[in-house]
Each structure stands twice: as structure tokens, then as C-alpha cells.
Amino acid sequence: MNYRFSELSVLEYANFENNHPQGNFVQSAEQKSLLEKRGENAALLGLKDDTGKVVAGALVTWAKVKLGNLFSIERGPLLDYSNEQLIKAFISGLTVFSKKRDGLFIRIRPNIAYAKYTERGKLIGDKNTTFVEKLNSLAADHQLPQIGFSTSCEPEWQFVKDLTEVDPEHVVKSYNRQAKYHLNKNKQFCIKLRKIGRDELPAFKRITQQTADRLHYHDKSLDFYETLFDTYGKKAKFIFAEINFKEYSESIEKDLNDIQKKLTEIAGADYHNISDLSDFSASAKRHLSEGIKTETALQKRLQEAKKMHQEAKQDIVLVSVALFVIENQEVVYLYSGSDEKYEDLFAPYEIQDTMITEAVKERIPLYNFYGVSGKFDGSDGVLGFKTHFNGYTREMVGSFDFPVQKTKYYFYRLFKKILHRQ
């Protein structure tokens, strides 16, 4: 089989990526547009077979480093890695493309898992050593992911949930007991979710920035969110979770009236002042005791709701936000934030449940909670939350380097080692 390497049109690349099993938003045509809006160099490149069919493709970016340009492919290229001829043909074509643009070396991070782990860090099955050995035999250098969060590339440790066997009618049954508990508690708060418009992105940014400041990490800019909104269109879902205090209070009052009516039916209007229960059956006594406890709890909740409403000085308050990118192959939970004052409303659980349910109904096979640290000692709170929905952590295969200018590349690596030692 002969292959021809060339630039691909947006349409032919998008058709290829949308239907490829390794397809992902980082390798999408929309991502190319987003990167170019930020002033970065990017191209859609691929291989076609003798019939003109696209059989391999990648969104390739390049940037200046010492001694030349680094050509990068994040979560790609998209191709059949069992076909060594295909791999060699793609790398060969990309090497020629890179050399014309002062390429020093090519670095790829395939969208392939190296290992899978339980929430406690126990290995599931075998490590993907065959893949690594095959690609490493063609590359000059290979680096497995390091433990911790990375700011220089897409997450190398990810928590994902396989949706292929989840029953669309009983999605919640696929979660663990913590998620079920919080979702059940969440029902009482009348939290409502909605997809937002572009004009509401400043409010989205306000919540993500508050969260970033509280947890000491760097948030994306408002311009970043606006550009992503414009570029990804329907593929991007910016979600608001809001509480309507007026509706919430009315809901509590209704429940309170219902329980008070039942108590009155059991013991009369003066049920609080009954001292002699000898005339009541065991069942009536139990219902009376439980009912009074429920009444007390509802009165406390109503008081708290009215206090929150008064402090908020508005009927509807934004309590949590999240951004998802939806591809045919997966839903990615990308960014989020919550107002600390309302963390006891458990809105993030409802957001996740809603999006997982939607993904199952749309027959999207994977739900990607995205980045985790790779630590299983209990120190990763992000992992702790995500495991409530059941799934597994996957360690990706890491990065592989292919020199374009070999002599310069080895000097570059030598310089990096010397600087690292210093």
C-alpha cells in the first residue's frame, strides 16, 4: 500500500477525526481554529491511501525552542498503531514537512492508555508495554508521565468512566454510595441547570476565578472562555447551576404544611403539647415522633433558606459552573467552579449526573473527568470527588520524540540535561 502525506482540508479532516476511535477535542478541527486565533502555528496533516481515503491524521502545532522549532501532536496522531508501515509513513511525511519549517524534532503524545488503575491505585489488567516498545523502537526518546498535574501539556493522568454498559434508565445505579447520597440530598434544594449564552461568560469566569483563588491554581482568562465558546459552538457546553430561593422556600413550606397536616390528623392541632400518649397505638407514637423530628428539621431548613436569601439580596443565585466539550468518542469535563458559600447544596453532583445521563442517552462511549494527579494516597481531592461516579484512572503512554535535525537535536537534549543538573 502506498501512502501520500499532505495537508488536509478542514472538512476532510473533521470527517476523519469525528469518526476515528482515537478522536478527541484536542485533535479536532475546532482546536486548530482556536489555536490560530491565539496566534499559534497549526496545520491539519494526514496520509491518504491509493484510493484517496484518509487513513491517518493529526492536528500539528509548532513553536520556537533552542536550535529550531518543536513540532507537537497532543493526543495524536490518529492512526492504526498496529500498522508499523502507517506509523513510519506518517512520521516520514511529517519530518519532511517539519524540515521545511526549521523543525528540530517532533514530539507526539498518542491518545492511548499505558495502564489502568482502580481508585486505590491497583493495576487493572496488564500495562500496554507492547505499544510502548513498538513506538519506542522508532523514536529517539520516550518519557512516561510523571506523577502530578502538568501545566505544559494535556493531562497524562485521567479519570474516565466507561458508559457502554450503563443502563440509560438507571444511570445513578452505576455510581457509588457517596454520589447516590449527595444526589438524593440535592433533590431538596431545587437546583436548576441550564446552558448559558455568551453574554453570561463573565459570571462563569467570576466563579471559576473564585475557585482558582481558593485552591491556588491559575484560571483561564475570560478571553479564553469566549474564544472557546465561539470556536467550538454546540460542541462546548457551559453549564450554570442556580438556586431560586423563592422556589426553594416555597418547596420547604409545602413539605412543612404536609407534615403538620399529618401530625394534626394523628394527634390533633395541639400535638406539640401532648404529654400522655397512653391512648395512642405503637404505630401512631412512632409516626408522631418521626413527624415532629421532620417538622423540626424542615423549620430549621426554612430558616436557613430565608437567611441565605436575605444575604444574597436576590431570588436566583449562581452556585456552580462547569464547561464540557462533547465529541462523538467522549464527553470531557474540562473546567468548573463553585461558590464556597453554597457548597452544601451539592450542585456539582447534579451537573455531573446530568451530563453523564445525557452522554449515555446519546450513546457516547466514554465520560472523561479529565485530569488527576496519579496519586492514590488520598491527597488528591479532585480524584476523590470523581471516583464517586465510579470509573478508573488511566495513565497515558507519554511522549515520544523523533529528531528532524539529528545532530542539533542531540545537542538540544544535552543542553537540557546540563540545565536540569544546575
### Query
Considering segment 218-253 alone, what residues qualify as being without any contact (Cβ under 8 Å) to a residue 24 or more places away in the chain and of a type in the set (F, W, Y)?
F224
### Query
E12 versus (1) exposed (fewer than 14 other Cβ atoms within 10 Å of the Cβ); (2) within 30 Å of F369 (Cα to Cα); (3) of a type in the set (D, E, K, R): which is the lone unmet condition?
(1)
### Task
Being crowded, with 20+ Cβ neighbours inside 10 Å and acidic (D, E) is the filter here, so list the residues in segment 62-89 that pass it.
E74
### Query
Only one residue in D353, D315, D339 is in contact with a His (Cβ under 8 Å, 6 or more places away or on another chain), acidic (D, E) and either touching a residue at least 24 places away in the same chain (Cβ under 8 Å) or surrounded by 22 or more Cβ atoms within 10 Å (Cβ to Cβ) (or both). Which one?
D315
### Message
Are there strands (runs of 3 or more DSSP E) fully within segment 85-185 with at least 2 residues that are closer than 20 Å to M355 by Cβ? List them.
### Response
157-162
### Task
Residue by residue through segment 60-98, note down the ones that are touching a residue at least 40 places away in the same chain (Cβ under 8 Å), more than 15 Å from I112 (Cα to Cα) and of a type in the set (A, V, I, L, M).
V65, L67, L86, A89, I91, L94, V96
#### Entry: Complete set of residues in segment 245-281 that are assigned to a helix (DSSP H, G or I) and among the polar types (S, T, N, Q)
S249, S251, N257, Q260, T264, N273
### Query
Which of the residues that make up segment 373-402 are closer than 22 Å to G76 by Cα, assigned to a loop (DSSP other than H, G, I, E, B) and either in contact with an Asp or Glu (Cβ under 6 Å, 6 or more places away or on another chain) or free of Cβ contacts under 8 Å to residues at least 60 places away in the same chain (or both)?
S373
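This table checks each residue for (1) over 21 Å from N19 (Cα atoms); (2) among the aromatic types (F, W, Y).
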site	(1), (2)
N69	yes, no
Y81	no, yes
T95	yes, no
R109	no, no
A113	no, no
### Message
For the list (1) touching a helix residue (DSSP H, G or I) at 6+ places or on another chain (Cβ under 6 Å); (2) touching a residue at least 60 places away in the same chain (Cβ under 8 Å); (3) within 23 Å of P403 (Cβ to Cβ); (4) surrounded by fewer than 22 Cβ atoms within 10 Å (Cβ to Cβ), I need the number of the one condition that S33 fails.
### Response
(3)
### Query
Identify, please: which residue in segment 36-61 is assigned to a strand (DSSP E or B) and polar (S, T, N, Q) and is, among those, surrounded by the fewest Cβ atoms within 10 Å (Cβ to Cβ)?
N41
### Query
Any idea which of L138, L144, L183, L193 is among the hydrophobic types (A, V, I, L, M, F, W, C), closer than 30 Å to K246 by Cβ and surrounded by fewer than 17 Cβ atoms within 10 Å (Cβ to Cβ)?
L193
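Quick note: the coordinates plus some simple rules give every number you see, no bench work behind them. Treat the numbers as computed from the prediction; the structure is a model and nothing was measured. Note that each Cβ is placed from the backbone with ideal geometry, even for glycine, and that neighbours are counted across all protein chains shown.
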